[in-house]
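The values are calculated or read from the model by the stated rules, or taken from the named source; none is laboratory data. No experiment lies behind these values; they were computed from the predicted model shown. Note that each Cβ is placed from the backbone with ideal geometry, even for glycine, and that neighbours are counted across all protein chains shown.
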Amino acid sequence: PRPKHAVTVSTSDAPAAIFWLHKVAFRPKAEILAYAGAEPVAALQSFGKGRVGVFTGTVLGEPTAGEKPFWEADSWTTLLERLVRGPF
């Protein structure tokens, strides 16, 4: 599941796999943007006059037949660019 947010809108393509991720406890006010299964992997939160974006997936692991790693997915490029540049 992916919450609707300006960062994630129109980032859909073929399902992509995350093989390893850093499990972190996001703060209660963080906006969760993406999940890997039930684990949140992307979030935004305001701090003072700025915003912080985080992605907890890693490029570790090897895909098996039929799996597409997230770093090869068009949605990853879009998500990363929007986490860095906005819109917020």
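With respect to the conditions (1) outside any loop (DSSP other than H, G, I, E, B); (2) modelled with pLDDT of 90 or more, residue 27 lacks only one, and its number is (1).
Evaluation of residue 18 against the conditions (1) modelled with pLDDT of 90 or more; (2) in contact with a helix residue (DSSP H, G or I) (Cβ under 9 Å, 6 or more places away or on another chain) shows that the sole unmet condition is (1).
If you go through segment 42-74 and keep only what is touching a strand residue (DSSP E or B) at 6+ places or on another chain (Cβ under 6 Å), assigned to a loop (DSSP other than H, G, I, E, B) and charged (D, E, K, R), you end up with just 67.
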